[in-house]
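Worksheet for the structure shown next.
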Amino acid sequence: MISEQQIDQIADALATEGYIILDHVLPESLLALLVTQAIAPEVNHYKAAGVGRDQNLQQIAAIRKDEISWIDNTNAAGKDYLAWMECLRRELNRRLFIGIFDYECHYAHYAPGDYYKTHLDAFKGNTNRIVTTVLYLNADWTSDNGGELVMYAPESNNVLQKILPEFGRLVIFLSDKFPHEVLPANKHRYSIAGWFRVNNSSSTRVDPA
């Protein structure tokens with residue numbers, strides 16, 4: 001699954017820098033399954049992505065133009081990916097004591113010209129998403145293709161990282177700390193965006209599982 005050394009590397013980076021960029025940390029066999037699932041139109045029914053959650057969800061093309069397909073364990077690709085992330089969830093809790101109880105994720109497809117403007121992943125008034133993961137599924141991707149993930153330093157507009165969405169690259173960062181955006185690409189771009197969550201249930205509101 002995932003080695004102790006890799007888990008230590010991720011935990012240390014989150015505790016110090018707040019983010020980490022890893023290449024080919026997932027098994028190649030799993031990456032191949034995920035690519036097949038992501039690009040198969042008869043399997044995945046992509047829908048236009050929105051901004052916000054639940055009753056506040058809105059489709060605003062001026063902010064984002066991608067389409068998404070949520071991942072579950074009904075096929076081998078989803079089952080194995082969720083199992084890998086479950087292992088990471090347990091180990092991050094053991095090392096960082098951050099109380100993660102859940103993980104949710106979806107495939108994201110950006111057609112040529114699509115984008116996602118600068119945003120934070122933690123919803124206003126609902127900060128249960130605390131760690132973001134982004135896995136890229138794009139073979140033979142170069143800087144000429146665009147589509148970079150741009151991460152900005154907290155409290156400023158300074159560019160912290162400009163990350164090419166290369167095949168097998170995994171980016172992990174604190175959800176409420178780093179504003180980020182997805183730049184337009186000139187060819188189809190696939191990824192998996194996911195979030196580790198804590199339970200913010202109260203007597204008046206229950207977090208969805």
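Only helices at least 15 Å long along their axis, Cα-based, and averaging 0.0 or more on Kyte-Doolittle count here, so list those DSSP H runs from the chain.
28-39
Hey, in the GNM for the chain with a 10 angstrom Cα cutoff, which one of A13, A40, A48 fluctuates hardest?
A40
May I ask you to list the GluC sites (Glu not before Pro) in region 115-186 that are in a DSSP loop and have at most 12 other Cβ atoms within 10 Å of their Cβ?
E155
Quick one: length gained pulling D144 to E181 fully straight, 0.36 nm per residue minus the C-alpha distance?
11.5 nm
Would you mind computing, in nm to one decimal, how far apart the modelled labels at R94 and A13 are, each placed 7 Å from Cα along Cα→Cβ?
About 2.0 nm, to one decimal.
In nm, give the distance between the simple-model label positions of T36 and I21, each being 7 Å from the Cα along the Cα-to-Cβ direction.
3.0
Using a cut-off of 15 Å between alpha-carbon atoms, which aspartates and glutamates can reach K177, once sequence neighbours fewer than 8 places away in the same chain are excluded?
In chain and number order, the partners are E17, D121, E155.
State to the nearest 20 debye the size of the charge dipole of the chain about its Cα centre, where the only charges are +1 on K and R beta carbons and -1 on D and E beta carbons.
The calculation lands at about 560 debye.
So if R0 is 30 Å, what FRET efficiency would E28 and A153 give, r being the distance between their Cβ atoms, rounded to the nearest 0.05?
Working from the Cβ atoms, E equals 0.35.
Where a number appears in this text, it was derived from the coordinates with a stated rule and is not lab data. Computed from a predicted structure; not experimentally measured. We place every Cβ from the backbone using ideal geometry, glycine too, and count neighbours over all the protein chains shown.
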